[in-house]
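Contents: one structure, followed by commentary.
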Amino acid sequence: MIKWYGFLNENEQKISEMILWLRTHENYKGLTTIDELLNELDAPEKRIIFIDKSISPNFYSLTMQLKKLDPNNFVIMVGKDLKEADIRLAMRAGMMDCINLQDDIELIKNGLIESKRHIEYLKKQEAHAPSFAQKEGRIITSSSTKGGVGKTTFAVNLAYSLQKKNQSVILVDLHLQFGDVAMFCDVKPKKTIYEWVKEDFDRKNRNVQAYLTKTYLENVSILAAPLRPEFSEIIKPEHIRELFLELKKWYDIIIVDTHSHVDDLLLETLELSDEIYLLTNGNLPAVRNTKLFMDTLQSLQLKAKPQLVVNAVKKDDPLKLENMKKILGVKILTVLPSEEKIVKKSVATGIPFVADSPKKGLSKRFTKMADACLERHASLMSNDVLIGAGGRK
Ligand SMILES: Nc1ncnc2c1ncn2[C@@H]1O[C@H](COP(=O)(O)OP(=O)(O)O)[C@@H](O)[C@H]1O
Ligand SMILES: [Mg+2]
């Protein structure tokens, strides 16, 4: 129900009739000070505020202030013998409508009903605004200090596992020189991140959607790496920051595949990530490098704590899991077994193994990771809501 407020002289005959009608049919509250109104502005709801034209210090500056304070404030000027010049000034200050107390009371009531209809129409329009504006996508990054440990395999299969849980997913290939996300998904992109930076980045109304490539699943798209390695040079950290902001509006999950060397681009990506998966395999050099990388990341105090994934582990690996844990000195999130047959097949066919062989142990681990990931997101979101509610009180 719309709330109505008034800074009005209730002893005035027409005003008291108007207020009587409002109190009977609507939710009206009379106010004497601005502080009383400020106390009411905690909810983002549309409200109608009557202001007597003769209010001191000045009707126009008060209207302007109220509009600036919250665009949900709709002011109706109330006065006797309103002149065209008064109305014009009030409109410039942001007034929605005016009530001339010399008018018949029935005409005044009709005016109130019209204002109410207008506000309800605005509310309905907002409710039907496209839902993408409400998304607040989360960024998940797949990283490692070495190539060939399974970053892309991980990114693509996690994307498909999350998609199965009704998430809209975009895979961003930031292995800018030799990215192969498109190949893993068996698609041939026409446009890539390179064209987005070159053509769309400086536009007032960007359209990142035009640079994405659809995969065979409706809910997974990719933003491919440049088609030639030298094109990667124009892509800078500020582009990545803006790109993520654009994609967050459209997707629940943004999965980022990366390259294996530390540079400004990778650091920017890690800084903006909500989750970081750090991949290694069970070989000693990879584990040592991973430990070094973890220490570096810790010193950067990123908002996301890197989560360790040991990939393609074989029973006969010389470095045993216990020793690996000792070297790394941190908890391992998950150990993924080596499944050469199904992984090779998935690369050859372009169908991720989580889709092609869902019953295999490796695929089940991805399903579990996707579940855990969504649980974390849900609990973070409920925390955000609680903090938000606490903050307003
Ligand atoms: N769990 C696994 N079992 C067996 N082979 C794997 C596994 N994960 C990845 N691979 C293989 O390892 C190779 C490198 O994987 P990739 O995802 O391209 O690594 P990166 O992106 O880190 O360079 C690929 O041939 C892939 O098929
Ligand atoms: Mg890769």
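Overview of results
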| item | result |
| --- | --- |
| Total residues in region 347-377, condition without any contact (Cβ under 8 Å) to a residue 24 or more places away in the chain and either touching a helix residue (DSSP H, G or I) at 6+ places or on another chain (Cβ under 8 Å) or more than 22 Å from LEU278 (Cα to Cα) (or both) | 6 |
| Residue satisfying condition, being in the same structural domain as LEU8 (by TED's automatic domain parsing) and within 20 Å of LYS3 (Cα to Cα), within set ASN100, ASN58, ASN39 | ASN39 |
| Options LYS123, LYS116, LYS80; residue that is within 31 Å of the chain's Cα centre (by Cα) and away from ligand 2 (no atom under 16 Å from the Cβ) | LYS123 |
| Residues of region 299-317 classified as in contact (Cβ under 8 Å) with a residue 12 or more places away in the chain, assigned to a loop (DSSP other than H, G, I, E, B) and either under 14 Å from SER338 (Cα atoms) or of a type in the set (Phe, Trp, Tyr) (or both), total | 2 |
| Flag if SER221 is of a type in the set (Ser, Thr, Tyr) and in a loop (DSSP other than H, G, I, E, B) | no |
| ASP200 vs. criteria without any contact (Cβ under 8 Å) to a residue 24 or more places away in the chain, touching a helix residue (DSSP H, G or I) at 6+ places or on another chain (Cβ under 7 Å) and over 30 Å from VAL75 (Cβ atoms) | yes |
| Selection within region 148-163 - touching a strand residue (DSSP E or B) at 6+ places or on another chain (Cβ under 9 Å) and within 13 Å of ligand 1 (Cβ to nearest atom) | VAL149, GLY150, LYS151, THR152, THR153, PHE154, ALA155, VAL156, LEU158, ALA159 |
| Residue that is farthest from ligand 2 (Cβ to nearest atom), among those in region 188-210 that are among the aliphatic types (A, V, I, L, M) and at pLDDT 95 or above | VAL197 |
| Boolean, ASP104 is modelled with pLDDT under 90 and among the charged types (D, E, K, R) | no |
| Enumeration of residues in region 338-369 that are of a type in the set (Asp, Glu), part of a helix (DSSP H, G or I) and within 10 Å of ligand 1 (Cβ to nearest atom) | GLU340 |
| Conditions (1) of a type outside the set (Phe, Trp, Tyr); (2) free of Cβ contacts under 8 Å to residues at least 60 places away in the same chain; (3) on the phi > 0 side of the Ramachandran plot; number of the one not met by ASP186 | (2) |
| Single residue of region 147-169 satisfying the filter (more than 9 Å from ligand 2 (Cβ to nearest atom) and surrounded by fewer than 20 Cβ atoms within 10 Å (Cβ to Cβ)) that is nearest to the chain's Cα centre (by Cα) | SER168 |
| Tally, over region 218-239, of residues that are under 17 Å from ILE140 (Cβ atoms) and surrounded by fewer than 22 Cβ atoms within 10 Å (Cβ to Cβ) | 1 |
| Breaking point among (1) more than 16 Å from ligand 1 (Cβ to nearest atom); (2) surrounded by fewer than 18 Cβ atoms within 10 Å (Cβ to Cβ), for VAL335 | (1) |
| Subset of region 285-312 that is exposed (fewer than 12 other Cβ atoms within 10 Å of the Cβ) and of a type in the set (A, V, I, L, M) - its residue that is modelled with the highest pLDDT | LEU292 |
| Pairs where the first residue, in region 78-95, is assigned by TED's automatic domain parsing to the domain that holds THR63 and the second is part of a helix (DSSP H, G or I) and β-branched (Val, Ile, Thr), C-beta under 6 Å, 6+ apart | ALA93/THR63; GLY94/THR63; MET95/THR63 |
| Count of residues meeting criterion [over 26 Å from ALA372 (Cα atoms), within 16 Å of ligand 1 (Cβ to nearest atom) and not acidic (Asp, Glu)] in region 180-191 | 2 |
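Each row is one residue, and each column tells you yes or no for (1) small (Gly, Ala, Ser); (2) within 16 Å of ligand 1 (Cβ to nearest atom); (3) without any contact (Cβ under 8 Å) to a residue 24 or more places away in the chain.
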position: LYS146; (1), (2), (3): no, yes, no
position: LYS165; (1), (2), (3): no, no, no
position: SER168; (1), (2), (3): yes, no, no
position: PHE178; (1), (2), (3): no, yes, no
position: ASN205; (1), (2), (3): no, no, yes
position: ASN219; (1), (2), (3): no, no, no
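The rows are residues; the columns are (1) more than 18 Å from the chain's Cα centre (by Cα); (2) in a loop (DSSP other than H, G, I, E, B).
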{"position": "LEU171", "(1), (2)": "no, no"}
{"position": "PRO189", "(1), (2)": "yes, yes"}
{"position": "GLU195", "(1), (2)": "yes, no"}
{"position": "LYS198", "(1), (2)": "yes, no"}
{"position": "PRO226", "(1), (2)": "yes, yes"}
{"position": "SER232", "(1), (2)": "yes, no"}
{"position": "LEU247", "(1), (2)": "no, no"}
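The values are calculated or read from the model by the stated rules, or taken from the named source; none is laboratory data. Since we're looking at a predicted model, the values are computed, not measured. Cβ: placed from backbone, ideal geometry, glycine included. Neighbour counts: every protein chain shown.
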